[in-house]
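Every number in this text was worked out from the coordinates using simple rules, so none of it is lab data. Model, not experiment: these values are computed from the prediction. Cβ sites come from the backbone with ideal geometry, for glycine too, and all protein chains shown count toward neighbours.
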Amino acid sequence: MQSSSPNTRTLQEREQLALQIRRDIVRMVHGVQSGHPGGSLGCVEYFVNLYFGHLRYSLPFDMAGNGEDLFFLSNGHISPVWYATLARAGFFDVAELATFRKINSRLQGHPTTHEGLPGVRVASGSLGQGLSVACGAALAKKMAKDTTLVYALTGDGELQEGQIWEAALFAAHHNLDNLIVTVDYNGQQIDGPVDKVMSLKNLAQKWEAFGWQVLHCPQGNSMNAVDQMLLAAKAASGQALPVVVLMETAMGAGVDFMMGSHKWHGVAPNDAQLQQALDQLQSTTTDY
Amino acid sequence: MNSIKGKFPFTDKKDTRSGFGAAMTALGAANPKVVALCADLTGSLKLNDFEKQYPERFVQCGIAEANMMGVAAGLATAGYIPYATTFANFATGRVYDQIRQSIAYSDKNVKICASHAGLTLGEDGATHQILEDLGLMRMLPGMTVINTCDYNQTYAATLALAEHHGPAYLRFGRPVLPVFYPKDRPFVIGKADVLHEGVDVSLFCTGHMVWECILAAELLEDAGISAEVINLHTIKPLDTKTIAASLNKTGCAVVAEEHQVNGGLCDSIAHYVAKHRPTPLEYVAVQDSFGESGTPDQLMEKYGLKAANVVTAAHQVLARKAS
C-alpha cells in the first residue's frame, strides 16, 4: 500500500513552532477562561515532533487513513495542544483556534468527530477509551496488510482506568507491533501528584508484564530527545510486541509559574497571567 | 372476519441467536469488510462457524467488553464493519460510556449484537437478565435499536445491518421459539411489520413478545374481538406512521415487550401517542423490578409476559376506550 510522507521540519524550525504553539495554547485557554493548559504545554515537544517530523499523513484529511500513520489522543482534555498543532500543520485555518470551547465551534472542549474537525478520528475525553480505539485501528492495518503505524498518547493519571489494561492485554495478545503508545509521564493529576492520588508504582514493569516493549524518554520537553524517542520507538516497532514510551514531561512546561504543578491542570490564566506567560513565549510566526 | 388462526404456521422451533450466527456465516462470505468480535462467548453467540471459516476476521477480545467496544470503533474507523457481540447485559449497561463516546458520539459504523436479553435467559438470574438495554440504547442520539422476534427475522436483520451505515444495537435471545417468519421476508429497518389487521385493539409488540401477541390475538378472536398485531422490531427510529394508522382504526392499544415498562417500547409509544394522538394504552412489560432464576416459561408467567396477560390488558384497554 502507498504511504504518505511526513511534513518534516528541522529541529530548529520545530523549536520555533513549539514557541508559537505554546502561545496558541495559553491564548486559547485564556480566551474562553476554561480548558487544560498544564498537560497541553507539557506535550508540545511530542506533538511538534510527531506532526512535523514523523507522522506520515496526507491532506485533505481522510477518516479511514489507509496507507497513513494514524494518531489517537486518549487523554482528550489536552485538546489545546492538538488543535494548535493541527492548525499549524494545515489541517484547518489557524483563525479557527479563536473559537475553542465557544458556541457553534468545531473545536469542542474535548475532541470529537461530531462537528467534522479534520484530524480527529474518534471522540475522547472520558478517559481510558482512546487506547482501545487505537488497538482497533492497529488491528485493521494488520488485517489490510497496511504497514503504516498507529500512535496514541495517554496521560499517566489516565492509566488508573481499568480499560487501559484491557487494551494492554489485547495489544500484546494480538501482536500489535504497529502500535506506539506514549504515556505523558508528568506525575500530576487533578487532585495532586499521581503518587498521592493513586500510585502507579513500577510502571515500566507493569507494561513489561503485560507483554510490551518499554522505552524511556527522561527529557520529554527536549525537542531533540523526543525526536530521538520517536526514532527509537519506530525502530522498535515490527518486532511482534506493541511499544510503549514513558515520556517524562513537566506539566505546564514553558511557562515558569505553571510548570510542574497540578494546579494548572484545568485552570485558565487571567489577563495578567496571560501577559506574564506570553512575555516568556516569543511569537515566531503570527498569532491567530 | 379476517381470521388470524392458521396464518402463522411453523414446522420448526429455534432460538433467535442461532439466526444471528447463521447470518454472520453468510455475511462472512458475502462481505469481506464484516468482522466479528467476541468476548469469550463464541459458542453462546453461535459464532463457531464464522470463527472456523473466517479466522482472519474473527477477533477474540477475552472478558473485556469495554475494550471490545473501543476496538470495534477503531476497526470501523478504517472502514471495516465490526459486529461486537456478547450478552445483552455486558453489551449495554457494562459499557455504556464506551458506546456513548467511542461509538455513538463518534458516529462509528459498529453493530452491537446482544444475546441472552431479558427474562428468557432463565436460570442464570437477574445479574444477567438485563431488562433496561433497549432504554439505554434508545436514549443515545443516532443509535438504531432493533429487537427481533424469531430465527428468520434475526437472520434478516443481521444481514440488513451490514448495508446500513451507523451505530446500531441488535437484541436477540436464548429461548427456542416457533419460526413463523417467512425466510425470504425482507427486513426493513424502521418499518414496522403489520402481521395481522384488526379493528378493535392494536397489539404493538417487539422481540419474543410478538409470538405471545399472535397467541393473544387468537384468544381475543375467540371472544369476538378483532386485534391488529404489529411487530415493532425497530424501537428506534420508531415507525410512528404505522402506529398512528393503526390507532386511527382501533382507538386503543396494548404494548408488549420483554423489558422494563420504563425506557423501552412502552415509553417510546406513550411518548408519541401522548403528544400526537392521545389514546388509551395498556402495557405488558416488567413492572420496575429485577428478574430471578427459573425456566424461561416460569419467569414469563410470573412476571406477566404471556399471551393471557396480553388478553387481560386488551380487555382493560377496550373498557377504557368504551368509557
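Project the alpha carbons of segment B:173-219 onto their principal axes and report the range along each, largest first, in whole Å.
30, 24, 16
Mind putting a number on the dipole of the protein assembly as shown about its Cα centre? Charges go on the C-beta only, +1 for Lys and Arg and -1 for Asp and Glu, and I need it in Debye to the nearest 20.
840
For segment A:158-234, how big is Rg over Rh, using alpha carbon atoms and the Kirkwood form of Rh?
Expressed as Rg/Rh, it is 0.97.
Counting only DSSP beta bridges with both residues in the protein assembly as shown, tell me the antiparallel percent, nearest 5.
Counting DSSP beta bridges with both partners in the protein assembly as shown, the antiparallel share is about 15 percent.
So what are the radius of gyration and Dmax for the Cα set of the protein assembly as shown, in Å?
Rg, Dmax (Cα atoms, Å): 27.4, 88.
log₁₀ I(q)/I(0) of segment A:53-103 at q = 0.20 Å⁻¹, via Debye over equal Cα point scatterers, no solvent, to two decimals?
-0.82
Restricting things to Cα coordinates, could you compute the convex hull volume per residue of segment A:92-197 in Å³?
132
Based on alpha-carbon atoms only, what is the radius of gyration of segment B:193-322 relative to the globular estimate 2.2 N^0.38 Å?
0.97
List every residue whose amide H lies under 5 Å from the amide H of A:Val267, counting only residues 5 or more places away in sequence or on a different chain, with H placed 1.01 Å from N in the peptide plane.
HN-HN under 5 Å from A:Val267: A:Gly38.
Hey, what does the equivalent ellipsoid look like for segment A:11-280, semi-axes from the Cα gyration tensor as sqrt of 5 times each eigenvalue, largest first, whole Å?
27, 21, 17
Using a Gaussian network model of chain B with C-alpha springs under 10 Å, which one of B:Ile235, B:Ile214, B:Ile269 is most mobile by mean-square fluctuation?
The residue that fluctuates most here is B:Ile269.
If I build a Gaussian network model for chain A, linking alpha-carbon pairs within less than 10 angstrom, which residue out of A:Leu169, A:Leu241, A:Leu73 has the largest mean-square fluctuation?
Result for chain A, Cα springs under 10 Å: A:Leu169 fluctuates most.
Compute the long axis of helix A:130-143 from its Cα atoms, compare it with the longest principal axis of the Cα atoms of chain A, and write down the angle in degrees, 0 to 90, nearest 10.
40
Work out the length of the dipole vector of chain A about its Cα centre, built from +1 on the beta-carbon of each Lys and Arg and -1 on the beta-carbon of each Asp and Glu, and round it to the nearest 20 debye.
Its charge dipole is roughly 280 debye.
Which whole-number percent gives the relative contact order of chain B, counting Cα pairs below 8 Å spaced six or more residues apart?
For chain B, the relative contact order is 18 percent.
By DSSP, what percent of the beta bridges with both residues in segment A:103-220 are antiparallel, rounded to the nearest 5?
25
I want to verify the translational diffusion coefficient of segment B:268-323 in µm²/s; compute it with Stokes-Einstein, Rh as the Kirkwood radius over Cα pairs, at 10 °C and 1.306 mPa s.
It diffuses with D of about 122 µm²/s by this estimate.
With r as the distance between the Cβ atoms of A:His173 and A:Met63 and R0 = 30 Å, compute the FRET efficiency 1/(1 + (r/R0)^6) and round to 0.05.
Rounded to the nearest 0.05, the efficiency is 0.65.
Sequence gap at least 6, Cα distance under 8 Å: using those rules, report the relative contact order of segment A:11-280 to the nearest whole percent.
25
Starting from 0 in steps of 20 Å, tell me what percent of the Cα-Cα pairs of chain B lands in each bin.
35, 57, 8, 0
Any chance you could give the angle, 0 to 90 degrees and rounded to 10, that helix A:162-173 forms with the longest Cα principal axis of chain A?
Relative to chain A, helix A:162-173 is tipped by roughly 40 degrees.
Between segment B:269-323 and segment B:117-155, what's the alpha-carbon centroid distance in Å?
Between the Cα centre of segment B:269-323 and that of segment B:117-155, the gap is 17 Å.
What residue among A:Gly192, A:Val48, A:Gln276 has its Cα farthest toward the positive end of the dipole of segment A:11-280, where the charges are +1 on Lys, Arg and -1 on Asp, Glu, each on the Cβ?
Comparing the listed Cα positions along the dipole, A:Val48 ranks first.
Taking every pair of Cα atoms in segment B:196-273, average 1/r, invert it to obtain the Kirkwood radius, and report Rg/Rh to two decimals.
0.94
Looking at chain A as a GNM with Cα springs under 10 Å, which of A:Gln16, A:Gln205, A:Gln108 has the largest mean-square fluctuation?
Its mean-square fluctuation being the largest, the pick is A:Gln205.
Give the average over all directions of the projected area of the C-alpha convex hull of segment B:13-178, one decimal, in nm².
If you wrap the Cα atoms of segment B:13-178 in a convex hull and average its projections, you get 8.3 nm².
Hey, which aspartates and glutamates would be in cross-link range of B:Lys321, C-alpha to C-alpha under 14 Å, not counting anything within fewer than 8 residues on its own chain?
B:Asp200, B:Glu282
Evaluate the relative contact order of segment B:193-322 (contact order divided by residue number), counting alpha-carbon pairs under 8 angstrom at least 6 apart; express in whole percent.
29
In the protein assembly as shown, if the dipole is taken from +1 on Lys/Arg beta carbons and -1 on Asp/Glu beta carbons about the Cα centre, which of B:Gly294, A:Asn202, B:Ala156 is farthest to the positive end?
B:Ala156
Would you grab the residues whose amide H sits under 5 Å from the one on A:Val245? Only those 5+ places off in sequence or on another chain, please, with H modelled 1.01 Å from N.
Amide H neighbours of A:Val245, under 5 Å, 5+ apart: A:Val181, A:Thr182, A:Val183, A:Leu215.
Give the lysines reachable from B:Lys46 as a straight Cα distance under 23 Å; neighbours fewer than 8 places away on the same chain don't count.
Those lysines meeting the cut-off are B:Lys13, B:Lys14, B:Lys33, B:Lys111, B:Lys183.
Skipping prolines and chain starts, which residues have an amide H placed within reach, meaning under 5 Å, of the one on B:Ile81, given they are 5 or more residues away or on another chain?
Answer set, sorted by chain and number: B:Val34, B:Val35.
Please list, or write none, the aspartates and glutamates whose alpha carbon is within less than 18 Å of the alpha carbon of A:Lys145, excluding same-chain residues fewer than 8 places away.
A:Glu68, A:Asp69, A:Asp177, B:Glu56
With angles folded into 0 to 90 degrees, how steeply does helix A:271-280 sit against the dominant principal axis of chain A? Use alpha carbons for both and round to 10.
Between the helix axis and the principal axis of chain A, the angle is about 60 degrees.
Give me a comma-separated list of calculated 3J(HN,Hα) values for segment B:105-120, in order, Karplus coefficients 6.51, -1.76, 1.60 applied at θ = phi - 60°, integers in Hz, x for any Gly or Pro.
Each residue of segment B:105-120 in turn: 5, 8, 6, 8, 7, 10, 9, 8, 10, 10, 9, 6, 7, x, 5, 5 Hz.
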